[in-house]
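Read through the structure below, which is laid out as structure tokens, and then see the notes.
The values are calculated or read from the model by the stated rules, or taken from the named source; none is laboratory data. Since the structure is predicted, the reported quantities are computational estimates derived from the model, not experimental observations. FYI the Cβ positions are ideal-geometry reconstructions off the backbone, even for glycines, and counts take in every protein chain you see. Protein only, heavy atoms only, side chains kept; ligands, DNA and RNA dropped before computing areas. Shrake-Rupley method; radii C 1.70, N 1.55, O 1.52, S 1.80 Å.
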Amino acid sequence: MSVEHSAAHAEQAKRGAFSSRRVFILAAIGSAVGLGNIWRFPYVAYENGGGSFIIPYLVALITAGIPFLLFDYAMGHRHRGSAPLSFARLRRGTEGLGWWQVAICFMIAIYYAAVLAWAVSYTIFSVNKAWGDAPDAYFFGEYLQAGDPGVTASVVPGVLIPLVVVWVGVLVIMLLGVQRGIGATAAIFIPLLVIAFLILVVRALMLPGAGVGLDALFTPNWSALLEPGVWAAAFGQIFFSLSIGFGIMITYASYVDRDTDMTGSGLVVGFANSSFEVLAGIGVFAALGFMAQASGVAVSEVATSGIGLAFIAFPAIINEAPGGALIGVLFFGSLVVAGLTSLVSVIEVVISGIRDKFDLRRRTATAVVVAPAALLSLVFFSTTSGIYVLDIVDHFVNRFGILVVAVVSVVVVAWVVRALPRLADHLNLTADLQVGRLWVVTLGALVPVVLTIVLIQELWAVIDEPYGGYPMWMLVVFGWLMVVAIAVAGFVAARVPWREGTSLADPSVPDSEEIS
Amino acid sequence: MSTSAILMMIVAIIVVWGGLALAIVLMMRGRHPGDPTIHRDL
């Protein structure tokens with residue numbers, strides 16, 4: 001073994017690594033398949049052309065989703081580092097983009113854990129249908145004890161306890177490391193998630209009225225294909241669903257052996273994520289069809305997404321359906337599993353960044369990251385105002401955090417550093433399916449343009465009508481100021497010097513100049 | 001369910017799940033499964 005290879009393997013062993021390509025793929029699928037696959041995709045498809053939505057959706061997957069996924073893979077796999085280290089090794093001045101992504105992940109982890117905690121509670125509630133005959137009133141009133149929008153310090157024990165449980169679980173997984181923690185979690189939970197969701201879908205398909213729901217979801221509206229908004233929705237769905245553009249896939253790819261084919265893995269992850277979305281669409285709309293028929297209303301009356309679908313519509317379905325408790329445990333259990341593997345991936349971006357920067361041991365870095373994240377999570381989201389803060393932060397961090405950093409990153413790499421051909425060469429070193437000029441053009445031109453269109457659309461929507469009808473001060477503090485603070489924090493963090501001995505040279509170029 | 005809805009559901013399943021199956025087959029037949037020595041490094 002050459003000296004260079006020995007050094008590379010020593011660094012790999014120090015940082016941690018996935019033991020095989022299979023584990024990496026499962027971890028990447030675990031990150032991509034999250035709450036959005038279950039509660040966002042079905043409604044987006046239904047709202048944007050039904051069955052005909054599959055055309056823009058596939059176009060978006062192939063022309064933007066998978067190319068961007070491969071971009072993240074190439075960044076992490078070539079530069080062998082967390083998002084900040086990978087950007088620093090690409091070019092010193094771009095390190096701030098990596099920290100911007102780390103800051104976004106920290107923010108997401110704080111509120112994502114709260115949704116997971118709700119799902120944990122509702123998995124248990126499903127057994128005896130604790131929400132009674134009025135799931136809406138139960139969720140907002142009895143469970144969250146939500147008052148008027150604002151910020152309070154009144155803790156809700158029913159939320160606090162599962163939230164503590166979630167953070168303890170996350171802490172244990174992260175302490176176990178890349179392979180024994182993240183890898184093992186994905187290897188166990190992803191097959192479990194697929195089996196549980198398959199049982200749920202089969203059960204939902206057997207409900208009376210399931211066909212009505214599927215009819216609503218899959219009946220094509222071909223004229224919708226002429227609407228630009230439908231195409232923007234398809235690109236937005238693919239972008240938000242694949243966990244791309246904010247450091248996760250860069251971090252995970254850095255834990256993959258150098259000789260592994262990354263393009264093949266990317267295709268599997270991309271299509272696996274979409275396969276789960278289609279499965280979720282069938283399950284959710286079969287259940288909504290049952291609900292519509294049982295209530296004597298149209299599917300459009302009951303179709304919804306997000307928190308409303310999970311914590312209000314589904315409990316109502318569980319109340320009415322024969323074997324409702326089983327449906328509830330499978331549905332909320334799936335949310336917990338899908339959410340946990342995604343939460344773990346988000347927090348790993350932060351831990352990995354801190355470890356690389358300060359040369360910390362895994363245990364120390366885990367404590368440094370998880371302790372404040374858990375504390376902030378408990379302070380803001382276990383209170384009676386948690387739902388409002390969460391809703392605003394989620395809306396703004398997704399649109400004006402992830403989307404903006406993704407566009408800026410890809411534009412900087414493509415047009416300022418002009419590194420796409422270099423990254424393509426790296427992918428092609430071990431790829432059976434080569435990426436070529438088309439990949440470079442797609443990433444350099446198409447992806448920034450379509451994501452900017454989606455961004456402008458989102459920006460226009462919040463300017464046109466303040467989001468959610470919340471007080472303006474809340475939107476300013478937890479929305480606009482928060483997204484600006486995240487970006488500023490990223491570039492401030494980049495000013496902190498690297499520890500002595502950290503090489504900022506490109507590991508793929510053995511004789512390249514060391515910057516530090 | 002209407003015929004067009006059934007047709008589109010089948011098309012969606014075949015294209016997406018078929019794409020996944022094809023991607024897995026292509027990957028399994030690839031020449032770069034990764035270095036097994038990384039396992040020992042851990």
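In segment A:418-431, the qualifying residues are those that are within 22 Å of A:Thr94 (Cα to Cα) and open to solvent by 10 Å² or more (accessible area, probe 1.4 Å), and the one that is nearest to the other protein chains (Cβ to nearest Cβ) is A:His426. A residue that is open to solvent by 50 Å² or more (accessible area, probe 1.4 Å), closer than 30 Å to A:Ile456 by Cα and in contact (Cβ under 8 Å) with a residue 24 or more places away in the chain can be found somewhere in segment A:141-150. Among residues of segment A:422-436 that are modelled with pLDDT of 90 or more, those with a beta-carbon under 8 Å from a residue that is not in a helix (DSSP H, G or I) and not hydrophobic (A, V, I, L, M, F, W, C) at least six positions away or on a different chain give the pairs A:Ala424/A:Gly436; A:His426/A:Ser508; A:Leu427/A:Gln434; A:Asn428/A:Gln434.
From the list A:Gly93, A:Gly30, A:Gly98, the one residue that fits, being assigned to a helix (DSSP H, G or I) and at pLDDT 95 or above, is A:Gly98.
Of everything listed in (1) crowded, with 24+ Cβ neighbours inside 10 Å; (2) part of a helix (DSSP H, G or I), the single unmet condition for A:Arg22 is (1). When A:Ala325, A:Ala272, A:Ala303 are checked against the criterion of being farther than 30 Å from B:Ile14 by Cα, open to solvent by 10 Å² or more (accessible area, probe 1.4 Å) and either in contact with a strand residue (DSSP E or B) (Cβ under 9 Å, 6 or more places away or on another chain) or in contact (Cβ under 8 Å) with a residue 24 or more places away in the chain (or both), a single residue qualifies: A:Ala325. Pairs under 7 Å by beta carbon, first residue polar (S, T, N, Q) in segment A:372-398, partner in a helix (DSSP H, G or I) and surrounded by fewer than 19 Cβ atoms within 10 Å (Cβ to Cβ), six or more apart or different chains? What qualifies is A:Ser382/A:Leu160.
Residues considered: A:Leu226, A:Leu200, A:Leu217. Of these, the only one that is over 20 Å from the mean Cα position of the chain (by Cα) and within 14 Å of another protein chain (Cβ to nearest Cβ) is A:Leu217. Of everything in chain B that is modelled with pLDDT under 75 and part of a helix (DSSP H, G or I), the residue that is farthest from the other protein chains (Cβ to nearest Cβ) is B:Arg40. Filtered by the rule that a residue be of a type outside the set (A, V, I, L, M, F, W, C), under 22 Å from A:Gly306 (Cβ atoms) and open to solvent by less than 40 Å² (accessible area, probe 1.4 Å), segment A:432-470 gives A:Glu458, A:Tyr470. Summed over segment A:168-180, residues that are more than 14 Å from chain B (Cβ to nearest Cβ) and open to solvent by 10 Å² or more (accessible area, probe 1.4 Å) total 6. Looking at this structure, is A:Ile62 over 20 Å from A:Asp259 (Cα atoms) and either modelled with pLDDT under 90 or part of a helix (DSSP H, G or I) (or both)? Considered against the rule, which asks whether it is over 20 Å from A:Asp259 (Cα atoms) and either modelled with pLDDT under 90 or part of a helix (DSSP H, G or I) (or both), A:Ile62 comes out as yes. Taking the listed residues A:Gly183, A:Gly177, A:Gly229, A:Gly213, the one that is on the phi > 0 side of the Ramachandran plot and small (Gly, Ala, Ser) is A:Gly177, with no other qualifying.
Counting residues in segment A:30-45 that are within 13 Å of another protein chain (Cβ to nearest Cβ), more than 24 Å from A:Val405 (Cα to Cα) and crowded, with 24+ Cβ neighbours inside 10 Å gives one or more.
Is it true that A:Val155 is out of contact with any Ser or Thr (no Cβ under 9 Å at 6 or more places or on another chain) and open to solvent by 60 Å² or more (accessible area, probe 1.4 Å)? So A:Val155 fails the test.
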